[in-house]
Amino acid sequence: MSLVEKIKQLKKEKNAVILAHCYQNIEIDEVADYVGDSLYLSRCAAKTDADIIVFAGVYFMAETAKILSPNKKVLIPSKHAGCFMADTVNLKQIREFKEEHKGTPVVCYVNSSAEVKSEADICCTSANAVSVVKSLGAKEVLFVPDMHLGSYINSELKDVNVICYPGFCPTHARILPEAVLKAREEYPDAKILAHPECRQEVLKLVDFIGSTSAIIKYVKESSEKEFVIATEKGVADRLQRDCKDKKIILIEDSVICSNMKIIELEDVYNALKEDIYEVTVSDKIRTAALQSIEKMVSISG
Ligand code: SF4
């Protein structure tokens, strides 16, 4: 029996569901029940009647699944799958940041730990960040942890002062304006699409700025034939697999999140077989973090 078949069999036996983020190694899709961005996946997990959720992604994503599905066992196949951006701010640091700007509402990107979410007034994703900040009607907000997404919000909402925590995603920050200019020259007919975790200087040069799901939707629905993708490689790989009639170009070969590539099919198998590694969140943190997430959902659906 192949490894894929063994995983599928175990999944049935244990009433488990496998979620795969679109930055994962593409082979994981063969066993995944759902593939998408982190919030979409957590929502899928919350709706299923599975007893076990195996989250092929990074740690904060598995934590979010646990926050939304407290009665299910949530497993992450590698305990080394962290997120550099999420790790730039911890509980102590967010408390200090709040203390420095007392009374200013805190908006927290979902790419953060459960503890950090528990200190925020509201969460946001890259898809709804602008509308979430706008909904607060505040003149000033604190934004953690991604300074590039925060700057993007500021460029869209000029009357709001977005004070950014200095975190960032090294994968997206690796993309420089020179790469966009080079791609324009090499592929003059291509549309260039970027994730808002990229630098402002990059975003100013592209044709479309959107979340992972917005980029995928744009390419799939477009009548254009060539696209340069300025986000993690997994998105470009999946687009090329799904859109055979289109040419998908990753802006630079180095746009790879190494933490997202840690998990292999073998790890997914071991996770299911041994029930490892279980992700837990204390009740106190979970309740407060859930409030921030639910507030976001009430605004953006
Ligand atoms: S791509 Fe960036 S934000 Fe996403 S998991 Fe990797 S380090 Fe974190």
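Rule-based calculations on the coordinates, nothing more; no lab input. Since this is a predicted model, take the numbers as computed values, not measurements. Positions of Cβ are backbone-derived with ideal geometry, glycine not excepted, and every protein chain shown enters the neighbour counts.
Selection of the range 169-188 for residues being within 16 Å of the ligand (Cβ to nearest atom), touching a residue at least 60 places away in the same chain (Cβ under 8 Å) and not hydroxyl-bearing (Ser, Thr, Tyr) yields 169, 170, 172, 174, 175. When 56, 50, 16 are checked against the criterion of being within 24 Å of residue 124 (Cβ to Cβ) and either of a type in the set (Gly, Ala, Ser) or within 16 Å of the ligand (Cβ to nearest atom) (or both), a single residue qualifies: 56.
Of everything listed in (1) crowded, with 16+ Cβ neighbours inside 10 Å; (2) of a type outside the set (Lys, Arg); (3) out of contact with any Cys (no Cβ under 6 Å at 6 or more places or on another chain), the single unmet condition for residue 91 is (1).
Restricted to the range 31-53, and to residues that are among the charged types (D, E, K, R) and within 15 Å of the chain's Cα centre (by Cα), which residue is surrounded by the fewest Cβ atoms within 10 Å (Cβ to Cβ)? Filtering the range 31-53 for residues that are among the charged types (D, E, K, R) and within 15 Å of the chain's Cα centre (by Cα), the one surrounded by the fewest Cβ atoms within 10 Å (Cβ to Cβ) comes out as 43. If you go through the range 62-85 one residue at a time, do you hit one that is among the hydrophobic types (A, V, I, L, M, F, W, C), under 18 Å from the mean Cα position of the chain (by Cα), in a strand (DSSP E or B) and within 16 Å of the ligand (Cβ to nearest atom)? Among the residues of the range 62-85, not one is among the hydrophobic types (A, V, I, L, M, F, W, C), under 18 Å from the mean Cα position of the chain (by Cα), in a strand (DSSP E or B) and within 16 Å of the ligand (Cβ to nearest atom), which makes the answer no.
Scanning the range 38-57 for residues being of a type outside the set (A, V, I, L, M, F, W, C) and out of contact with any strand residue (DSSP E or B) (no Cβ under 7 Å at 6 or more places or on another chain) gives a total of 5. Of all the listed residues (100, 63, 96, 115), the sole one being closer than 22 Å to residue 150 by Cα and touching a helix residue (DSSP H, G or I) at 6+ places or on another chain (Cβ under 7 Å) is 115.
Total residues in the range 155-166 satisfying the condition of being within 20 Å of the chain's Cα centre (by Cα) and without any contact (Cβ under 8 Å) to a residue 60 or more places away in the chain: the figure is 1.
Of everything in the range 220-279 that is within 14 Å of the ligand (Cβ to nearest atom) and of a type in the set (S, T, N, Q), the residue that is farthest from residue 13 (Cα to Cα) is 254.
The residue that is nearest to the ligand (Cβ to nearest atom), among those in the range 91-129 that are within 22 Å of residue 63 (Cα to Cα) and of a type in the set (Asp, Glu), is 115.
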